[in-house]
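One structure below.
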Amino acid sequence: MSDIPPGTFTVHAVDGKARLGTLHTAHGPVQTPIFMPVGTVGSVKAVAPDDLANIGAEIILGNTYHLYLRPGDELVGRRGGLHGFAAWDKPILTDSGGFQAFSLSELRKIRENGVEFRSHLDGSKHLFTPEKVVEIQRNLNSDIMMVLDECVAYGTPYDYTVKSVELTTRWALRSRAAYPECSAGNLLFAITQGGFFADLRSRSVEQLCGHDFDGFAIGGLSVGEPKNEMYDLLAHTAPLLPADKPRYLMGVGTPVDIVTGIANGVDMFDCVLPTRNARNGTLYTSQGKINIKRKEYSEDDGPLDPACSCYTCRTFSRAYLRHLQHSGEVSAFRLNSVHNLTYFLDLVRGAREAIRAGEFAAYAARVAAAYPDDGV
RNA sequence: GCGGAUGUAGCUCAGUUGGCAGAGCACCUGGUUGUGGCCCAGGGGGUCGUGGGUUCAAUCCCCAUCAUUCGCC
């Protein structure tokens with residue numbers, strides 16, 4: 001698709017710590033900073049690939065854990081990988097299943113060799129080793145594979161977190177060894193952890209960043225901690241990551257979280273917030289977050305967000321969108337998701353333009369002003 | 001016309017051996033951060049069909065009446 005080798009990451013401009021860049025993958029380039037819509041089971045919920053193309057999505061997420069359980073990574077592999085199977089020919093990043101080991105924690109056991117877990121679908125028992133997780137993601141033909149990691153809960157004690165960081169490092173190195181071809185078709189990102197201890201965050205970065213990964217993620221944030229703790233650790237950790245590789249803040253976040261991440265030098269984000277909230281009627285606009293179910297919109301004939309040019313905002317009134325949401329119509333899921341994803345992608349596109357213009361600080365301040373409750 | 005049943009929140013219904021009236025859903029307001037198409041939290045709302053009677057006290061017991069509904073003629 002491109003002559004530039006996958007894994008090539010070029011930084012074009014810097015504004016403070018914020019970076020403007022391009023990451024090349026086997027399915028084309030990604031402009032950073034970027035937001036990646038989440039499509040856990042190989043589908044961004046409620047929206048089809050042509051919607052995503054119209055929205056301007058450049059890369060989407062899939063999930064190793066979910067796709068392994070159903071329909072099975074080998075079945076997907078026989079159908080052209082996730083790209084062929086899901087009819088999405090742009091880049092795909094797959095999460096490793098490490099987070100599911102955390103969020104479905106009552107169903108799993110962490111062992112040295114990997115994560116033993118029970119399926120949330122049928123209770124069957126499975127073992128995810130670092131090597132197995134790489135193999136699954138190669139079957140899916142993911143453009144960016146994530147290593148298996150251990151995500152610890154907020155409040156996890158120091159001594160356990162120490163052991164967890166060490167385990168996550170050993171798993172990352174095993175993952176790399178299972179697929180040593182750096183900058184090959186399937187890129188491999190390491191995930192730094194360290195819970196809520198700055199020195200352990202530093203240690204995790206030191207242990208991983210000397211090795212040859214295609215990018216580095218910050219995992220384990222936004223798991224219920226107060227905002228200021230998350231922002232403190234973000235500011236501490238992001239600048240420690242290698243400047244010549246993409247940096248990915250996993251599972252984050254709100255518009256304010258994202259511009260805060262960019263301000264600290266993060267290049268990639270993913271979050272279920274725009275799609276999940278869309279299904280529940282919480283919509284992001286240039287004037288802040290609104291709940292479209294509110295009665296005050298029942299006869300509001302104006303567009304959802306006058307500053308937005310998405311299909312939903314061009315076509316429908318707030319009154320109609322409120323009606324669809326109250327009626328539980330499937331179309332509400334789609335129209336709201338189209339809008340929220342457009343907002344998040346416009347947000348990062350605006351950030352890229354601001355970085356290029358050297359005006360990112362002012363841009364971030366404008367976003368924060370629209371979301372007074374979302375910051376620290 | 002005769003006999004029975006039922007009338008309690010917007011809806012479907014609990015309930016009180018007579019003592020400040022309840023649930024689910026709906027409605028209103030929050031929340032949702034590497035997604036189990038959800039879930040969680042809070043809130044407003046009732047002359048207990050109507051009119052009498054008994055009682056310290058009636059949504060509850062008695063009488064009448066209206067409405068709905070079933071059966072029989």
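Observations on the model:
- Segment A:324-372, subset within 28 Å of A:G39 (Cα to Cα) and without any contact (Cβ under 8 Å) to a residue 12 or more places away in the chain, residue least open to solvent (accessible area, probe 1.4 Å): A:L324
- All conditions in (1) of a type in the set (A, V, I, L, M, F, W, C); (2) open to solvent by 60 Å² or more (accessible area, probe 1.4 Å); (3) outside any helix (DSSP H, G or I) hold for A:A177, with the sole exception of (3).
- Cβ pairs under 7 Å, 6+ apart, first in segment A:216-241 and part of a helix (DSSP H, G or I), second of a type in the set (D, E, K, R) and more than 7 Å from RNA strand B (Cβ to nearest atom): A:L233/A:R201; A:H236/A:R201; A:T237/A:R201; A:A238/A:R247; A:P239/A:K17
- Top-ranked residue of segment A:263-283 - restricted to ones that are in a strand (DSSP E or B) and within 6 Å of RNA strand B (Cβ to nearest atom), ranked as least open to solvent (accessible area, probe 1.4 Å): A:D270
- For A:P71: the one exception among (1) open to solvent by 50 Å² or more (accessible area, probe 1.4 Å); (2) more than 16 Å from RNA strand B (Cβ to nearest atom); (3) more than 23 Å from A:A278 (Cα to Cα): (2)
- Within segment A:284-294, the set of residues being near RNA strand B (Cβ under 7 Å from one of its atoms) and either assigned to a strand (DSSP E or B) or of a type in the set (V, I, T) (or both) comprises A:K289, A:N291.
- Top-ranked residue in segment A:180-214 [being on the phi > 0 side of the Ramachandran plot and at pLDDT 95 or above; ranked as surrounded by the most Cβ atoms within 10 Å (Cβ to Cβ)]: A:G194
- Residue among A:L93, A:L127, A:L121, A:L82 that is more than 23 Å from the chain's Cα centre (by Cα) and outside any loop (DSSP other than H, G, I, E, B): A:L127
Rundown of residues vs (1) closer than 20 Å to A:F216 by Cα; (2) more than 19 Å from the chain's Cα centre (by Cα); (3) in contact (Cβ under 8 Å) with a residue 40 or more places away in the chain; (4) more than 14 Å from RNA strand B (Cβ to nearest atom), yes/no style:
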| position | (1), (2), (3), (4) |
| --- | --- |
| A:P6 | yes, yes, yes, yes |
| A:V14 | yes, yes, yes, yes |
| A:K17 | yes, yes, yes, yes |
| A:L20 | yes, no, yes, yes |
| A:T25 | yes, no, yes, yes |
| A:V30 | yes, no, yes, yes |
| A:K45 | no, no, yes, no |
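- Among residues of segment A:316-344 being of a type in the set (A, V, I, L, M, F, W, C) and closer than 11 Å to A:G281 by Cα, the one that is nearest to RNA strand B (Cβ to nearest atom) is A:F333.
- Conditions (1) modelled with pLDDT of 85 or more; (2) closer than 18 Å to A:R174 by Cβ; (3) in a helix (DSSP H, G or I): number failed by A:Q100: (2)
The values are calculated or read from the model by the stated rules, or taken from the named source; none is laboratory data. In this text the structure is predicted, and so the values were computed from the model without any measurement. Cβ sites come from the backbone with ideal geometry, for glycine too, and all protein chains shown count toward neighbours. Surface areas here come from the heavy atoms of the whole protein model, side chains and all, with no ligands, DNA or RNA. Shrake-Rupley method; radii C 1.70, N 1.55, O 1.52, S 1.80 Å.
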